[in-house]
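Some notes on the structure that comes next.
Please treat every number below as a calculation from the coordinates, not as lab data. Note that this is a predicted model, so its numbers are computed, not measured. Glycine gets a Cβ as well: all are built from the backbone with ideal geometry, and neighbour counts include every protein chain shown.
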Amino acid sequence: MPSESFSVLVATDLSPRCDRAVDRAAQLAAHWGAPLRIIHVLDEKSARNAARQPDASEVRETLADPLMDAEILLPTGPVPATIAATAQVSGSGLIVTGVARFNALGDFVLGTAVDHIVRHAHVPVLVVKQRPRGVYRNLLFATDLSEASRTALVRAARMFPEAAIQLVHAYQVPYGPWLDTEDARGQVREQAVLRLEAMLAHPDLTDDIRQRIRSVLDYGEVAQVVSKTLAETAADLLVLTTDGSGGILQAAIGSTALTLAARVPQDTLIMRE
């Protein structure tokens with residue numbers, strides 16, 4: 001279990017598409033021995049019509065037997081902001097949500113609600129796309145080798161202490177294609193190797209975590225490298241990091257994480273500093 005105060009908050013609109021997220025949240029909570037909270041946000045318009053509002057017992061009737069003991073939360077307000085705020089107030093350590101839409105072509109659309117939750121939540125957000133088939137065993141952790149990324153790596157490793165971790169870093173020559181030469185690529189790679197070695201040598205990483213890590217450095221754009229590595233591995237969870245500083249930097253890094261989360265078929269854990 002990640003910590004003594006850790007609890008899991010899963011968001012649902014009670015539609016069939018949310019069953020994967022609810023099932024995964026229940027599986028993780030049971031595995032960690034953590035409290036499970038299920039949140040269904042009532043918008044202000046439906047709140048004015050009490051006859052159309054589900055109560056906790058009606059919500060519970062839609063859930064499978066293993067979820068009957070979960071706490072049901074039915075707050076009113078803007079959906080994404082209310083979910084993020086509830087996670088903070090309730091002391092939840094993880095928000096679990098599904099994708100906004102899934103079609104037969106394999107396209108995942110996160111939508112504005114998930115986008116807002118990821119950008120504003122102060123805890124990790126797990127976007128679930130696949131039906132759970134056991135605890136995550138193989139993590140693919142995309143890193144920019146920053147301090148924030150190292151912190152997130154340690155946190156993810158502690159959340160899933162039995163999982164193997166593939167660390168992938170995509171590097172590029174600045175201002176390419178003007179400066180993109182073999183020599184330039186070699187120099188950039190050498191710098192990336194040194195930064196990776198420094199990251200792995202940091203005292204925050206225990207020997208147990210280091211032994212579980214396999215590292216890959218690959219040249220190219222981040223989304224392409226991560227998608228390629230996912231296709232080549234048996235990873236069942238992609239872990240991404242966004243900066244917690246806010247402003248333009250957060251918007252840029254957050255957009256990269258959301259683009260990746262929408263592109264890949266694997267469940268995706270998005271962590272903020």
Task: Spacing of the two label points (7 Å from each Cα toward its C-beta) at LEU205 and VAL89, in nm - done: 4.0 nm
Open item on the list: Between ARG263 and LYS228, what is the label-point separation in nm under the 7 Å Cα-to-beta-carbon projection?
Closed with: 1.1 nm
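Length gain on complete extension for the stretch HIS31 to LEU14, per 0.36 nm per residue less the alpha carbon to alpha carbon distance?
3.8 nm
Compute and list, largest first, the equivalent-ellipsoid semi-axes of the stretch 111-177 from the alpha carbon gyration tensor, each √(5λ) rounded to a whole angstrom.
24, 19, 14
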- [ ] Please list, in chain and number order, the residues 5+ apart from GLY98 or on another chain whose amide H is under 5 Å from its amide H, with Hs placed from the backbone.
- [x] VAL128
